[in-house]
Amino acid sequence: MGSYLSLFNTTPDTWLAKITLLPAHFSLLPDILEGVVRYINYSLRAANSQLTLARDNSNSTATSIAYVLSGMTPAILRGVLAMAGYTDEVHWTTAFRTITSQYIIDNEDCTEIDPRASLQRRAGSLSLVHRGVCYRLDAEPSQNPVQFTMRFLRMQPIFSGPTANSNNVYHMQDWINNNGINDTLTLRLSSDLPSSTTADTAMSIDWLQEFAKARLEAKQKALAEAGMDCDIGICEQLDAAQE
């Protein structure tokens, strides 16, 4: 004889969540962030540099932890975007969110819950105590400095239904309204980018492509002014030959 309990996502955001018995293991936000950076560095170990993390104590509080990410060169950025499966231009925070989301799914055994969706677990006993563990990831390219934000919600104690096959439903927004978010972690880039670039241009996937395109167009203009007809394709061949 058993019963059920469910987390119902009544928030406007997507969460990664799991329901566990107490005292099952779960990872805190710093552990997840460090794991993600180790995973990226291992995947990009052929690169000339690696990402490093440093805690920003000046912007950290008891429930809000700030970190600075160093080493995000254009080459590393392209590797991060490729790991996240992006071929078009996206900001680094978007790619970092994708990689972190998959890391949590794989390593924390979490399930993605969209707004108005629910996660259900069957318990072998009635009124059995559980814990809901929820992570929310936000890419915030409009912020200055641009940052990636992780939020952690721990819902405990929660209980399976009191009668056979009954289902206790816990509304996530109500829980947040009554108890708040447990922890928040913000991650921003350091200022160690090449001095000839700004953070915005360096974070664009087509930064080098735009530079190459501008150089080709300038070469085409110079050839045209010299009375030589040259389309972009031919200029590319000329450019490659000069390299």
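The values are calculated or read from the model by the stated rules, or taken from the named source; none is laboratory data. Computed from a prediction, not measured in an experiment: that's the story for all the values here. Virtual Cβ from ideal backbone geometry, glycine too; neighbours counted across all protein chains shown.
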The residue that is nearest to residue 1 (Cα to Cα), considering only those in region 99-156 that are of a type in the set (A, V, I, L, M) and free of Cβ contacts under 8 Å to residues at least 60 places away in the same chain, is 139
Within region 94-111, the residues that are touching a Leu at 6+ places or on another chain (Cβ under 7 Å) and hydrophobic (A, V, I, L, M, F, W, C) are 95, 104, 105, 110
In the set 10, 14, the lone residue that is in the same structural domain as residue 111 (by TED's automatic domain parsing), β-branched (Val, Ile, Thr) and either buried (at least 20 other Cβ atoms within 10 Å of the Cβ) or touching a helix residue (DSSP H, G or I) at 6+ places or on another chain (Cβ under 7 Å) (or both) is 10
Checked region 68-122 for anything small (Gly, Ala, Ser) and modelled with pLDDT of 95 or more; matches are 101, 117, 118
Is there a residue being modelled with pLDDT under 50 and either of a type in the set (Gly, Ala, Ser) or closer than 18 Å to residue 6 by Cα (or both) anywhere in region 175-198? yes
A careful count of residues in region 106-134 that are farther than 17 Å from residue 32 by Cβ and among the acidic types (Asp, Glu) gives 1
So, first residue in the same structural domain as residue 49 (by TED's automatic domain parsing) and in contact (Cβ under 8 Å) with a residue 24 or more places away in the chain in region 72-98, second residue among the charged types (D, E, K, R) and surrounded by fewer than 20 Cβ atoms within 10 Å (Cβ to Cβ), Cβ within less than 7 Å, six or more apart or across chains; the pairs are 89/206; 93/140
Sole miss for residue 55 among (1) surrounded by fewer than 14 Cβ atoms within 10 Å (Cβ to Cβ); (2) at pLDDT below 95; (3) over 14 Å from the mean Cα position of the chain (by Cα) is condition (2)
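Would you be able to say whether some residue in region 107-115 is of a type in the set (S, T, N, Q) and within 30 Å of residue 89 (Cα to Cα)? Break it down stepwise before answering.
First, pick out the residues of region 107-115 that are of a type in the set (S, T, N, Q): 107, 111.
When the remaining residues are screened for being within 30 Å of residue 89 (Cα to Cα), the result is 107, 111.
Scanning region 107-115, I find at least one residue that is of a type in the set (S, T, N, Q) and within 30 Å of residue 89 (Cα to Cα), so the answer is yes.
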Being at pLDDT 95 or above, closer than 30 Å to residue 181 by Cα, surrounded by 14 or more Cβ atoms within 10 Å (Cβ to Cβ) and more than 15 Å from the chain's Cα centre (by Cα) narrows 65, 32 down to just 65
Sole miss for residue 125 among (1) over 22 Å from residue 179 (Cα atoms); (2) out of contact with any Gly (no Cβ under 9 Å at 6 or more places or on another chain); (3) exposed (fewer than 15 other Cβ atoms within 10 Å of the Cβ) is condition (2)
